[in-house]
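Novice: Shown below is the structure under consideration.
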Amino acid sequence: MAKHDIRIMDDALAQAGADVVAAWKAAEAGEAVEPTDRLYFDSWEALCAVLTPKRYALLRHLRQSPAEGIRALARDLKRDVKRVHEDVSALAELGLIERHPDGSLSMPHDEIASTIRFAA
């Protein structure tokens, strides 16, 4: 099962950097490093600005029915092509959507898990 992990914490940038450094050091030491698929946000509001209800619906739709392209996806969702294109671009940049060379779109994750840290 493909899983994408989202973390919300005050020190998100520092934690992301620490994770990279730890993986780098482990790899240099010859240790096996398991790849992670993780996003960090510094607040709930930052996450909600990216993962809006319409983008959430788009992800759910793509998970069930990969699309031939943005126009087909917009038609399926009954939404404006320009807005769907903006949403696809934002979600693809985060690694939540895959854009294939033939123009088709898919959502490769079975699960997106979120961790919200309230205290340091």
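The values are calculated or read from the model by the stated rules, or taken from the named source; none is laboratory data. Everything numeric in this text was worked out from a predicted model, so none of it was measured. Glycine also receives a Cβ, built like all others from the backbone with ideal geometry; neighbour counts cover every protein chain displayed.
Novice: Quickly run through the range 100-120 and pick out the residues that are in contact with a strand residue (DSSP E or B) (Cβ under 9 Å, 6 or more places away or on another chain), at pLDDT below 75 and of a type in the set (A, V, I, L, M).
Specialist: Across the range 100-120, the qualifying residue is only 116.
Novice: I've got another one for you. Check 99, 55, 7, 38 and return the single one that is farther than 26 Å from residue 116 by Cβ and of a type in the set (D, E, K, R).
Specialist: 99
Novice: How many of the residues in the range 74-98 are in contact with a Leu (Cβ under 6 Å, 6 or more places away or on another chain) and over 21 Å from residue 46 (Cβ atoms)?
Specialist: 1
Novice: Is it the case that residue 91 is surrounded by 15 or more Cβ atoms within 10 Å (Cβ to Cβ), touching a residue at least 12 places away in the same chain (Cβ under 8 Å) and farther than 27 Å from residue 118 by Cα?
Specialist: Criteria not met by residue 91.
Novice: How many of the residues making up the range 69-120 are charged (D, E, K, R) and not in a loop (DSSP other than H, G, I, E, B)?
Specialist: 11
Okay, residues lined up against (1) at pLDDT below 80; (2) out of contact with any helix residue (DSSP H, G or I) (no Cβ under 9 Å at 6 or more places or on another chain); (3) not in a loop (DSSP other than H, G, I, E, B):
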residue	(1), (2), (3)
4	yes, yes, yes
13	yes, yes, yes
16	yes, yes, yes
22	no, yes, yes
25	no, yes, yes
30	no, yes, no
36	yes, no, no
40	no, no, yes
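Novice: Let me ask another. If we keep just the residues of the range 54-110 that are under 16 Å from the mean Cα position of the chain (by Cα) and among the acidic types (Asp, Glu), which is nearest to residue 4 (Cα to Cα)?
Specialist: 110
Quick grid of which residues meet (1) under 21 Å from residue 104 (Cα atoms); (2) in contact with a strand residue (DSSP E or B) (Cβ under 6 Å, 6 or more places away or on another chain); (3) crowded, with 17+ Cβ neighbours inside 10 Å:
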position: 35; (1), (2), (3): no, no, no
position: 39; (1), (2), (3): no, yes, yes
position: 54; (1), (2), (3): yes, no, no
position: 61; (1), (2), (3): yes, no, no
position: 67; (1), (2), (3): yes, yes, yes
